[in-house]
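What follows draws every value from the coordinates through simple rules; no lab data is involved. This one's a predicted model, so the numbers in the text were calculated from it and none came from an experiment. Neighbour counts run over all protein chains shown; Cβ positions are idealised from the backbone, glycine included.
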Amino acid sequence: MNEHDLRALPNIGPAIARQLIRLGLERPDDLRGQDPDELFQRLCDLDGRRYDPCLLDTFIAVVDHANGAPARPWWHYSRQRKAKAAAATASAGASGATTPA
């Protein structure tokens, strides 16, 4: 495992580098082609808790960067995640679907 190499990536500090290593991602190249939503869910399942969605945004940012996108701050992806969630909620409401309270 190489925490130092992961920490060289944008938005990745020591704590998130350790979480990535726990998920089996030990090098920056390991992030290519990964599904950030799946990584986030795996970590939540592994620890038996729901992490703050900002961690998901960080996973999205680092995977996007590993796939060739320019480095962007994780909060750039927060706006995208929130817009996607709002669109999904609006779509569910328009189709008459209900969501649990």
note = In debye to the nearest 20, the charge dipole size for the stretch 1-47, taken about the Cα centre with +1 at each Lys and Arg Cβ and -1 at each Asp and Glu Cβ, equals 180
key: Largest-first principal axis extents of the Cα set of the chain (Å)   = 49, 32, 20
query = If you put +1 on each Lys and Arg Cβ and -1 on each Asp and Glu Cβ, how big is the dipole of the chain around its Cα centre, in Debye rounded to 20?
reply = 340
query = Using 1/(1 + (r/R0)^6) with R0 = 41 angstrom and r between the beta carbons of Arg7 and Ala87, what's the FRET efficiency to the nearest 0.05?
reply = 0.75
request  = Between Leu46, Leu25, Leu55, find the one with the highest GNM mean-square fluctuation for the chain; connect C-alpha pairs within less than 10 Å.
outcome  = Leu46
remark   = Within the set Asp64, Asp47, Asp35, GNM on the chain using Cα springs under 10 Å gives the largest fluctuation to Asp47
message = Can you sort His4, His76 from fewest to most other Cβ atoms within 10 Å of each residue's own Cβ?
response = His4, His76
